[in-house]
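See below for the structure under consideration.
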Amino acid sequence: MVAQRQQLASSGPKMGEEKLIIRPEKARFVDILSMLCLRRPITSYQCVEAGDQTAADIGSTPGHWFVALTQLIQKALAALYYPALGIGAVVEFLLNFIALNNGILGIVWNLFRCKLVIPLSREAPNFRSFIGMLDGRTELMPLPEGGGPDDRRLQVVGVTTGNPTVEDYYIDGKSGECGSPTVPLMQLQYVNGRLIRVGTFSVFEVTIMAAKIAYENAAYIENVVKNVWKFNWVGFYSCWNKFAEDHTTQAFVMTDWATDASVVVVAFRGTETFNTRDWSTDVNLSWLGMGEMGHVHVGFLKALGLQEDDGADAARAFPKAAPANAVAGDKPLAYYALREAIRAELKKHPNAKVVVTGHSLGGALAAIFPALLAFHGERDILDRLLAVVTYGQPRVGDQTFADFVRAGVPVEPLRVVYRYDVVPRVPFDAPPVAEFVHGGTCVYFDGWYDGRAIAAGGDAPNPNYFDPRYLLSMYGNALGDLFKGAFLWTKEGKDYREGAVSLLYRATGLLVPGVASHSPRDYVNAVRLGSVAVEAKEVI
């Protein structure tokens with residue numbers, strides 16, 4: 001029997017009852033101390049639910065100290081949930097109150113004129129979230145002219161042949177040229193020397209701005225898409241999580257044109273600043289065995305529409321056929337509702353390709369979404385996938401999951417990470433309890449938006465965040481970002497001027513380095529100002 005278990009454990013994706021769910025609400029402080037001191041088997045704790053096969057594989061493995069640390073973090077986040085929501089509501093009200101009245105002096109003037117604007121509805125098209133207050137930019141920046149063989153800006157990529165034309169520089173979304181598992185998106189753009197464009201915008205510009213505005217309410221997003229970007233609005237989706245019994249997942253869909261569109265863009269909302277349950281999901285170490293997909297983060301699966309978390313049958317946990325009322329009604333499930341929305345748009349636009357994006361938690365959902373399409377064999381959508389680009393994305397699965405995506409999804413996912421952003425460094429990689437790794441190609445930005453490509457499977461520096469060797473560098477980066485935020489506009493122009501709220505938020509990095517680096521603002525700046533070094537040996 002032991003030999004059979006060992007053979008099963010080493011034979012790749014395991015079947016049977018596989019799961020490891022750690023429930024922080026059941027974890028006692030004595031359990032956390034025990035994980036640190038007594039080294040009891042992790043599966044012996046009442047707060048841990050392990051499948052039979054998982055218990056057999058892990059056996060007497062003690063709880064890693066990262067497991068105890070995660071429980072402490074989640075306990076703290078749970079205690080802060082309602083206070084954080086209250087503080088967030090007050091902060092966002094005050095910031096919108098000031099902004100809508102054009103500042104403190106505007107409040108006085110409007111009060112005098114009896115025209116004071118009070119932001120009573122959070123669903124109004126002019127109400128912005130805290131993320132929107134940190135960075136109020138909504139305009140898309142067109143592809144600039146210029147470029148050349150040595151130009152590695154994210155907005156313009158030079159070709160390496162003589163007398164280039166516009167077609168040599170750019171791959172249009174309608175061209176039918178896409179990445180592949182053997183030609184990753186980064187190579188397609190930076191080695192072949194051409195940039196995927198959506199109209200007059202790079203795919204990076206469209207994805208980061210879509211991921212940024214996904215934090216806003218439906219009316220705000222629709223207004224920006226239709227009236228600022230002049231794109232075609234498809235819809236906003238607020239989706240149900242049966243385990244949380246709430247609408248926890250939001251996303252929107254748009255196309256670049258109402259007729260004969262070249263792209264269908266899906267953008268998932270990320271981790272909300274004052275929602276500590278979102279932050280708790282990001283750091284949670286729980287995973288679920290999904291058959292050939294490998295081990296996948298159970299919290300992200302629940303957000304997309306997971307039906308069962310017993311780990312016994314992946315096909316039943318996430319069935320191919322949509323459950324009753326999963327697409328229509330007041331409780332749609334994200335994966336199924338968006339899958340059908342994309343399918344409908346692809347039928348309307350026979351030349352269109354699909355782009356999936358998200359920031360933070362939204363990046364995690366964007367990374368898993370095409371994997372589920374591959375799991376279900378949805379080739380009609382997968383074969384028209386143009387790009388999967390995520391920003392500040394947490395880890396979502398193990399090495400088997402990363403290999404599954406590389407083999408089954410026809411484009412190499414591209415993951416953008418800025419400096420010591422804390423979120424891409426969670427959930428912690430704590431084998432054998434939780435073996436979370438990143439997949440896809442990483443574009444890592446350091447310094448003044450200097451980037452470099454990290455090969456598929458590679459990770460950014462300080463992968464588990466708490467390595468003391470990086471402590472001085474992390475605080476130095478936080479101080480550098482604060483300085484850069486205050487003065488970048490003097491070099492790059494008014495679009496890069498930051499207000500007091502943004503600078504105060506950057507200052508939090510001096511207390512908890514990596515938190516301020518998670519702001520979408522720096523990802524927008526990296527896309528617009530950043531450059532990426534490409535090694536000559538990568539040329540194909």
Using the Cα atoms of region 379-521, I'd like the radius of gyration and the largest Cα-Cα distance, Dmax, both in angstrom. 16.9, 50
Straight-line reach from Lys19: which lysines fall under 24 Å, measuring Cα to Cα and dropping same-chain residues less than 8 apart? Lys75, Lys242, Lys302, Lys320
Out of the total accessible area of the chain (probe 1.4 Å, heavy atoms of protein only), what percent is carbon and sulfur? 59 percent
I need the peptides 80-92, 283-295 ranked by packing, meaning the mean over residues of other C-beta atoms within 10 angstrom, with the highest value on top. 283-295, 80-92
Rg to Rh, two decimals, where region 63-131 supplies the alpha carbon set and Rh follows Kirkwood: 1.28
What do you get when you divide the Cα radius of gyration of the chain by 2.2 N^0.38 Å, with N the number of residues? 0.96
Could you tell me the convex hull volume per residue, in Å³, taken over the Cα atoms of region 279-332? 85 Å³
How big is region 24-99 by the Kirkwood estimate over distinct Cα pairs, in Å? 14.6 Å
Under a 1.4 Å probe, what is the accessible area of region 22-138 per residue, stated in Å²? 54 Å²
How much accessible area per residue does region 225-333 have, counting only protein heavy atoms and a probe of 1.4 Å, in square angstrom? 36 Å²
For the chain, give the share of DSSP beta bridges that are antiparallel, in percent and rounded to the nearest 5; count only bridges with both residues there. 55 percent
Could you provide, to the nearest whole Å², the per residue accessible area of region 421-540 with probe 1.4 Å? 44 Å²
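The values are calculated or read from the model by the stated rules, or taken from the named source; none is laboratory data. Remember, predicted model here, so these are calculated numbers, not experimental data. All Cβ positions, glycine included, derive from the backbone under ideal geometry; neighbour counts span all protein chains shown. Just so you know, the surface numbers come from the protein's heavy atoms only, side chains and all, with ligands and any DNA or RNA stripped out. Shrake-Rupley method; radii C 1.70, N 1.55, O 1.52, S 1.80 Å.
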